[in-house]
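The values are calculated or read from the model by the stated rules, or taken from the named source; none is laboratory data. None of the values given here were measured: they were computed from a predicted structure. Backbone-built Cβ (ideal geometry, glycine too); neighbour counts: all protein chains shown.
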Amino acid sequence: MILSSVQEVLWKRSVGVLKINKRTPPPEFVGAAVRAKNTYYRALPGKKTPYDLLESKAKEALGKALATEQGHLCVYCMSRIDDHDMKIEHLYPRHDEMGKGAELSVEYANLFASCRGGEGEPKRLQTCDTHKGNAIISVNPLNSDSIAKISYGYDGKVKSDDSDIEQDLNDTLNLNVEKLKRNRLEAWNHMRARIARKNLNEQIKMYTAFIEREGQVNLGMKMEYAGFLLFMAGRELRKLKGKQKGLRR
């Protein structure tokens with residue numbers, strides 16, 4: 001389903017954290033989650049959570065479903081992920097002082113697909129779930145109002161005027177590490193250079209088509225760093241339309 005206007009697409013999709021539209025969880029996971037909860041509450045296995053008790057086939061089906069509904073992009077940095085090279089992220093961490101995390105560890109609405117985030121690298125170079133650890137963040141990839149508070153700079157930096165979300169982006173998720181900013185800019189420069197070869201009307205058509213396509217709820221494979229590309233494409237489209245309007249006078 002294509003959203004009703006380019007403006008609506010830009011509002012919903014050109015953000016620094018991927019907006020997720022949850023689908024129905026895979027049946028292999030649903031049954032395994034029930035069994036894991038029953039075992040957990042019956043045995044009270046110390047530091048383990050129901051998620052830790054999931055069968056491997058259930059985790060495999062879960063990872064595939066999460067990656068698919070996210071267009072094979074990391075929920076945080078929007079880099080490319082696949083079914084076999086990703087992490088299952090718990091938005092609310094599994095291990096918390098209140099014990100709430102154990103209950104939510106197999107709740108599908110709390111589960112997302114994340115990139116590896118520089119596992120094994122120094123902390124300053126890690127990102128996303130790997131850098132986040134057991135921290136609790138305020139930005140919510142299921143909440144349009146939350147992610148609408150996020151934007152980008154021309155330098156590839158993701159930012160927010162909301163102080164809590166700004167802390168999530170910079171400190172907890174480390175989404176402005178130099179590698180990510182560079183990758184966003186490279187993706188945009190490649191796209192812009194390709195479209196710039198066309199005449200003015202064709203450029204407008206191509207940017208409009210890109211924005212509408214990436215705004216589809218269940219697109220399938222989405223473009224890497226789609227949020228930044230949408231944000232920059234929207235800016236470029238507004239400039240081109242202004243130029244077109246001036247030529248018509």
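Side notes on the structure shown:
- Residue check for M206: surrounded by fewer than 20 Cβ atoms within 10 Å (Cβ to Cβ), over 17 Å from the mean Cα position of the chain (by Cα) and more than 23 Å from K149 (Cα to Cα): yes
- Condition check for C128: under 19 Å from E178 (Cα atoms), out of contact with any helix residue (DSSP H, G or I) (no Cβ under 8 Å at 6 or more places or on another chain) and either among the hydrophobic types (A, V, I, L, M, F, W, C) or surrounded by 16 or more Cβ atoms within 10 Å (Cβ to Cβ) (or both): yes
- Taking every residue in the stretch 177-191 that is within 17 Å of C128 (Cβ to Cβ) and of a type outside the set (F, W, Y) and pairing it with any residue that is modelled with pLDDT of 95 or more and part of a helix (DSSP H, G or I), at least 6 positions away or on another chain, the pairs with Cβ-Cβ distances below 7 Å are V177/L125.
- Subset of the stretch 66-125 (residues that are of a type in the set (F, W, Y) and touching a Pro at 6+ places or on another chain (Cβ under 9 Å)): Y76, Y108, F112
- Taking the stretch 81-107 as the range and being touching a Cys at 6+ places or on another chain (Cβ under 9 Å) and buried (at least 17 other Cβ atoms within 10 Å of the Cβ) as the test, the residues that pass are I81, M86, K87, E89.
- Per the listing S146, S151, the residue uniquely among the polar types (S, T, N, Q), more than 30 Å from L247 (Cα to Cα), touching a strand residue (DSSP E or B) at 6+ places or on another chain (Cβ under 9 Å) and surrounded by 14 or more Cβ atoms within 10 Å (Cβ to Cβ) is S151.
- Within the set L180, L247, L229, the sole residue that is at pLDDT 95 or above and in a helix (DSSP H, G or I) turns out to be L180.
- Lone qualifier among R80, R35, R13 - being among the basic types (K, R), at pLDDT 90 or above and under 15 Å from the mean Cα position of the chain (by Cα): R80
- In this entry, A102 is excluded by the filter for residues that are touching a residue at least 40 places away in the same chain (Cβ under 8 Å) and under 21 Å from I165 (Cβ atoms).
- Residue list for the stretch 96-116, filter: part of a loop (DSSP other than H, G, I, E, B) and farther than 20 Å from E60 by Cβ: D96, E97, M98, G99
- Residue-level check: of (1) at positive phi; (2) crowded, with 21+ Cβ neighbours inside 10 Å, G118 misses just (2).
- Assessment of the stretch 198-219 against the conditions (at pLDDT 95 or above and not in a helix (DSSP H, G or I)) yields at least one matching residue.
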